[in-house]
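Following: one structure in structure tokens, then a few remarks.
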Amino acid sequence: MADSRPVSLNLLKIRLPLPGIVSILHRISGAFLFLLLPVLLYVLNLSLGSAEGFAEVQSWFHSPVAKLALLVVVWAYLHHFCMGLRYLALDLDIGVHLAQARLTAKLVLVVSLALTLLIGVLIW
């Protein structure tokens, strides 16, 4: 009997549905925030330690590269937060049907990107 399973999977040809993509982004944003936590705590400690430390941190964020890095951190936080709310709703058996799952996945992307854009306008 011939085995019809593929010998090797080409991961670049597999198309994930949108809920799968936002789920992977949730994991990536969580890992990114976790790994960045010591840096964020250092910056917070420096800015709250003294007036000179606050001025130094404030001067860092005059650079466009630093502002862009801050926007990436803001997006990661907002995406992780919004997706966490979606997972809480799924735990309560809300939005588990296919159409609802796709809608809430789109909603997570739109809300996190819109809030990031709004904060980006305020930062810049």
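Every number here is computed from the coordinates shown, using simple stated rules; none is lab data. Please read all numbers here as calculations on a predicted model, not as lab measurements. Every residue, glycine among them, receives a Cβ derived from its backbone with ideal geometry; neighbour counts consider all protein chains shown.
In table form, for the structure just shown:
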| item | result |
| --- | --- |
| Any pair with Cβ under 6 angstrom, 6 or more apart, that starts in the range 81-107 at a residue that is assigned to a helix (DSSP H, G or I) and ends at one that is surrounded by 15 or more Cβ atoms within 10 Å (Cβ to Cβ) and hydroxyl-bearing (S, T, Y) | C82/S112; R86/T104 |
| Scan of the range 73-119 for residues that are small (G, A, S) and over 15 Å from the mean Cα position of the chain (by Cα), ordered by number | A89, G95, A99, A101 |
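Conditions tested, residue by residue: (1) of a type in the set (A, V, I, L, M); (2) out of contact with any Lys or Arg (no Cβ under 9 Å at 6 or more places or on another chain).
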position: S63; (1), (2): no, yes
position: L68; (1), (2): yes, yes
position: L71; (1), (2): yes, yes
position: V74; (1), (2): yes, yes
position: Y87; (1), (2): no, yes
position: D91; (1), (2): no, yes
position: Q100; (1), (2): no, yes
position: T104; (1), (2): no, no
position: V108; (1), (2): yes, no
